[in-house]
Amino acid sequence: MSDTSPAGVEPSPVVEAGGLPEAATPGLWTSLKEAVHGTRQDLTRLPIRRAIFLLSVPMVLEMVMESVFAVVDVFFVGRLGADAVATVGLTESLLTIIYAAAMGLSIGATALVSRRIGEGDPERAARTAVQAIGLGVALAIPIAVAGVAFARPLMALMGGSPWVLEHGVRYTQVMLGGMGSVLLLFLINAIFRGAGDAAISMRVLWLANAINIVLAPMLIFGVGPFPELGVMGAAVATTFGRSCGVAYQLYRLARGDGRLKLRREHLKLEPGTMLAMLKMSGAGTAQALVNTTSWVVLARIVATFGSAAVAGYTIALRIVLFALLPSWGLSNAATTLVGQSLGARKPERGEQAVWTAARINAIFLGTVGLVFFVTAEPLVAAFAREPEVVFHASHALRIISGGFLFYAFGMVLSQAFNGAGDTTTPTVLNICCFWLLEVPLAWVLAGPVGMGPSGVFLSIAVAFSVLAVAAVILFRRGTWKHREV
């Protein structure tokens, strides 16, 4: 895990915990244990590859756990039929709008916290974390109330079948009503990642998923003393698991055994800091909203071809997310290193970290894309039994995974802009690639051209590939290095 860095970027060798000089680079197993346990080293002073490794391992494991939430629900709900899977898929399409708000706040929190840590100011980082949590709570309450009240008309607007509107709407109400746990889970984990405490974020998702995995089948099918709630049981299990994760997050912040410790004097609102975060998070939310609303529109287009098409689309996307979310973990590692490097006045180090992470991501996603293309049918058969659903899901998986090499660079570079505090550039890229390209292309290919659902799948691959090429061009210009936050 050694690394050769540009002249002037790396300082003199660092002494690790226990007195081991950094020049004597630990072995893979030692580094893996340190990454999972949580490193205490200054990430701005380590060799690039080692810093990426120590951050990306827990972040990748965290993202795997996040994707497990989606896969577990579809795996068990798939036993209830295509309408039940369509309920989950249409609800998730609605939830992507809420996820946009959570991701927007998370972008601002990560950028500000990582910059303060890079500057060597943990007190300001702690106060920034409090402002972020306060904003998250203020946003969660009205969203939850509105979600419960308008669940049925929202599902009707999404094109839900009569079964979905009669039986599946309770799943939607529970999921929308529990959005506070989603917002805070995203947000506080982003705070931990920005501080460099990626291992804590990983453990939060481990806990939340363990609870969900155990409760989901029991509540869906009524195992033992648990009531048989059907598709709604998946929502109850997921919401409860995430809520337990939030409780653990707050405990770790209060305990203060990581890089951040929240004390009583930090628990006050600072309008200036909140305004700065809102400005940055506003662009971040718009960025995520553009992305996620495009998924909503795509789901609506697919819904015109029936529940089997929606179920196939949902299953394929869940499998794709299982591959992409670990890559988001690697991208998040680059995000943290960019923010901390800029705070430490080492922009070249941040740039090197981004290109290194992008190359690693390309190797990983290229391999996964090949596997998905070859084994599409057996993979989707684990989640569905109806032949029509399997057909749509496998076709979607092959088409979407064809662009994985492009996705690898686009994901890392977009997150690098965010880590630098430049949320405008990826927002513009998202508008151009998703609203102006992907959605119109999906409609044209699915309808007038006559490709059906396959046209929607193809538009996804095209849009993400174009975004990757544009992101590479803009990142090379280097204007992000001069961003002040």
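Computed quantities for the displayed model
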{"item": "Search result, residues across the range 384-413 that are of a type in the set (Val, Ile, Thr), open to solvent by less than 10 Å² (accessible area, probe 1.4 Å) and out of contact with any Ser or Thr (no Cβ under 9 Å at 6 or more places or on another chain)", "result": "400"}
{"item": "So residue 283, is it touching a residue at least 40 places away in the same chain (Cβ under 8 Å), closer than 23 Å to residue 80 by Cβ, small (Gly, Ala, Ser) and part of a helix (DSSP H, G or I)", "result": "no"}
{"item": "Per-region count, the range 379-408, residues in a helix (DSSP H, G or I), closer than 17 Å to residue 454 by Cα and free of Cβ contacts under 8 Å to residues at least 60 places away in the same chain", "result": "2"}
{"item": "Check on residue 416, in contact (Cβ under 8 Å) with a residue 60 or more places away in the chain, under 17 Å from residue 323 (Cβ atoms) and open to solvent by less than 30 Å² (accessible area, probe 1.4 Å)", "result": "no"}
{"item": "Subset of the range 287-300 (residues that are modelled with pLDDT of 85 or more and either in contact with a Cys (Cβ under 8 Å, 6 or more places away or on another chain) or surrounded by fewer than 23 Cβ atoms within 10 Å (Cβ to Cβ) (or both))", "result": "290, 297, 300"}
{"item": "Counted residues, the range 419-434 - those being in a loop (DSSP other than H, G, I, E, B) and buried (at least 24 other Cβ atoms within 10 Å of the Cβ)", "result": "3"}
{"item": "Residue ID - nearest to the chain's Cα centre (by Cα), chosen from residues in the range 27-72 that are among the hydroxyl-bearing types (Ser, Thr, Tyr) and under 24 Å from residue 187 (Cα atoms)", "result": "67"}
{"item": "Count of residues meeting criterion [out of contact with any helix residue (DSSP H, G or I) (no Cβ under 7 Å at 6 or more places or on another chain) and in contact (Cβ under 8 Å) with a residue 24 or more places away in the chain] in the range 325-350", "result": "2"}
{"item": "Any hit, the range 67-80, residues being in contact with a helix residue (DSSP H, G or I) (Cβ under 7 Å, 6 or more places away or on another chain), surrounded by fewer than 24 Cβ atoms within 10 Å (Cβ to Cβ) and of a type in the set (S, T, N, Q)", "result": "yes"}
{"item": "Filtered residues of the range 24-75 (kept if modelled with pLDDT under 80 and within 19 Å of residue 346 (Cβ to Cβ))", "result": "none"}
{"item": "Failed criterion for residue 437 (all others in (1) open to solvent by 10 Å² or more (accessible area, probe 1.4 Å); (2) without any contact (Cβ under 8 Å) to a residue 24 or more places away in the chain hold)", "result": "(2)"}
{"item": "Qualifying residue in the range 263-273 (condition: assigned to a helix (DSSP H, G or I) and farther than 30 Å from residue 43 by Cβ)", "result": "yes"}
{"item": "Where a residue in the range 80-91 is under 12 Å from residue 386 (Cα atoms) and its partner, wherever it lies, is open to solvent by 10 Å² or more (accessible area, probe 1.4 Å) and charged (D, E, K, R), with Cβ under 7 Å and at least six apart", "result": "82/386"}
{"item": "Selected residue (only one of 322, 373, 305, 364 is open to solvent by 30 Å² or more (accessible area, probe 1.4 Å), within 18 Å of residue 158 (Cβ to Cβ) and hydrophobic (A, V, I, L, M, F, W, C))", "result": "305"}
{"item": "Some residue of the range 164-177 being over 30 Å from residue 343 (Cβ atoms), under 23 Å from the mean Cα position of the chain (by Cα) and not in a helix (DSSP H, G or I)", "result": "no"}
{"item": "Filter result (open to solvent by 20 Å² or more (accessible area, probe 1.4 Å), in contact (Cβ under 8 Å) with a residue 60 or more places away in the chain and more than 24 Å from the chain's Cα centre (by Cα)) within the range 233-274", "result": "261, 262, 263, 267, 268, 269, 270, 273"}
{"item": "Residue that is in a helix (DSSP H, G or I), in contact with a Leu (Cβ under 7 Å, 6 or more places away or on another chain), crowded, with 24+ Cβ neighbours inside 10 Å and hydroxyl-bearing (Ser, Thr, Tyr), where the choices are 336, 314", "result": "336"}
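Every residue, every condition in (1) of a type outside the set (Val, Ile, Thr); (2) crowded, with 24+ Cβ neighbours inside 10 Å; (3) at negative phi, yes or no:
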| residue | (1), (2), (3) |
| --- | --- |
| 180 | yes, no, yes |
| 201 | yes, yes, yes |
| 213 | no, no, yes |
| 220 | no, yes, yes |
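Residue-wise test of (1) under 20 Å from residue 63 (Cα atoms); (2) among the β-branched types (Val, Ile, Thr); (3) modelled with pLDDT of 90 or more.
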site	(1), (2), (3)
189	yes, no, yes
194	yes, no, yes
211	yes, yes, yes
231	no, yes, no
241	yes, no, yes
277	no, no, no
281	no, no, no
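The values are calculated or read from the model by the stated rules, or taken from the named source; none is laboratory data. In this text the structure is predicted, and so the values were computed from the model without any measurement. Virtual Cβ from ideal backbone geometry, glycine too; neighbours counted across all protein chains shown. These area figures cover heavy atoms from the full protein model, side chains too; ligands, DNA and RNA do not enter into them. Shrake-Rupley method; radii C 1.70, N 1.55, O 1.52, S 1.80 Å.
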